[in-house]
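The values are calculated or read from the model by the stated rules, or taken from the named source; none is laboratory data. Nothing here was measured: the structure is a model prediction, and the numbers come from that model. Ideal geometry is used to build each Cβ from the backbone, glycine not excepted, and the neighbour counts take in all protein chains shown.
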Amino acid sequence: MKDLNLLDRFLFAEVVEDPEVLKLMLEIILEKEIVLKSPQAEKELRGEVDGKYVKMEDGAKRIFLNTHGVSKEGASQELIELLKYIETSDKATADGCSSERVKQIHHKVDAIKRSEEVGIRFMNAWEEKIIEEQKAAEKKAIEIAVKMKSMGLSYEQIKEATGLSDSKLESL
């Protein structure tokens, strides 16, 4: 958990569940005070994220953040600081910010990262993802085994190529 940043879907979803943090982020992005109508955050709120690159566009404003820094056209200093913080989500970056709102966000992010309950949810989500990936790999291996069998390859060749268990191969 400690190595996650706000570009990670799991941590981002956990953080924006807190209406205060969501409000702070939106106020920085929109550059005006807002009133949230619902205390619930949408789980899949996110910008266009590709690896370590975030691109946000709002009319005349364009902000590009990557590991080489930030360039801006009409962006506030506070927004630039927020985007830098999102990429690292660490104390050093927060401490280097002049924005009190970014520092408040960091305080909440840090508490979430240290939460045992959130850590358990993260591990459960991680295990579910691994299980899903294993099921997908097994499904693909079965598809390949069926095709190999139709091509007349031997049981031993299919087993060696796919890594499937005897019981799975016998059920084909």
Listed by first then second residue, the pairs whose first member lies in segment 135-151 and is closer than 14 Å to Gly163 by Cβ, whose partner is assigned to a helix (DSSP H, G or I) and of a type in the set (D, E, K, R), with beta carbons under 7 Å and at least 6 positions apart or on separate chains, are Ile142/Lys168
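Right, Thr93: within 20 Å of Leu11 (Cα to Cα), touching a Lys or Arg at 6+ places or on another chain (Cβ under 7 Å), surrounded by 11 or more Cβ atoms within 10 Å (Cβ to Cβ) and not acidic (Asp, Glu) or not? Write out each step before concluding.
Working: within 20 Å of Leu11 (Cα to Cα): yes; touching a Lys or Arg at 6+ places or on another chain (Cβ under 7 Å): yes; surrounded by 11 or more Cβ atoms within 10 Å (Cβ to Cβ): yes; not acidic (Asp, Glu): yes.
Against the criterion (within 20 Å of Leu11 (Cα to Cα), touching a Lys or Arg at 6+ places or on another chain (Cβ under 7 Å), surrounded by 11 or more Cβ atoms within 10 Å (Cβ to Cβ) and not acidic (Asp, Glu)), Thr93 qualifies.
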Conditions first: (1) among the hydrophobic types (A, V, I, L, M, F, W, C); (2) loosely packed, with under 13 Cβ neighbours inside 10 Å; (3) under 17 Å from the mean Cα position of the chain (by Cα). Val109 passes all but one, so which condition is the exception?
(2)
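Can you tell me which residue among Glu143, Glu127, Glu133 is assigned to a helix (DSSP H, G or I) and farther than 22 Å from Phe10 by Cβ? Steps first, please.
Working: Glu127 fails: farther than 22 Å from Phe10 by Cβ; Glu133 fails: farther than 22 Å from Phe10 by Cβ.
Just a single option satisfies the conditions, and that option is Glu143.
Of the residues that make up segment 162-171, is at least one at pLDDT below 95 and aliphatic (A, V, I, L, M)? Outline the logic, then answer.
Initial filter on segment 162-171 (at pLDDT below 95): 162-171.
Among the residues that remain, those that are also aliphatic (A, V, I, L, M) are: 164, 169.
The answer is yes, given that some residue of segment 162-171 is at pLDDT below 95 and aliphatic (A, V, I, L, M).
Listed here are the residues, each with its yes/no results for (1) outside the structural domain of Val15 (by TED's automatic domain parsing); (2) surrounded by 13 or more Cβ atoms within 10 Å (Cβ to Cβ); (3) among the aliphatic types (A, V, I, L, M).
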| site | (1), (2), (3) |
| --- | --- |
| Ala75 | no, yes, yes |
| Glu78 | no, yes, no |
| Ser89 | no, yes, no |
| Ala136 | yes, no, yes |
| Lys159 | yes, yes, no |
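Kindly evaluate Glu100 against the criterion of being modelled with pLDDT of 90 or more and touching a helix residue (DSSP H, G or I) at 6+ places or on another chain (Cβ under 6 Å). Before you say what the answer is, go through the steps one by one.
On the way: modelled with pLDDT of 90 or more: yes; touching a helix residue (DSSP H, G or I) at 6+ places or on another chain (Cβ under 6 Å): no.
For Glu100, the condition - modelled with pLDDT of 90 or more and touching a helix residue (DSSP H, G or I) at 6+ places or on another chain (Cβ under 6 Å) - is not met.
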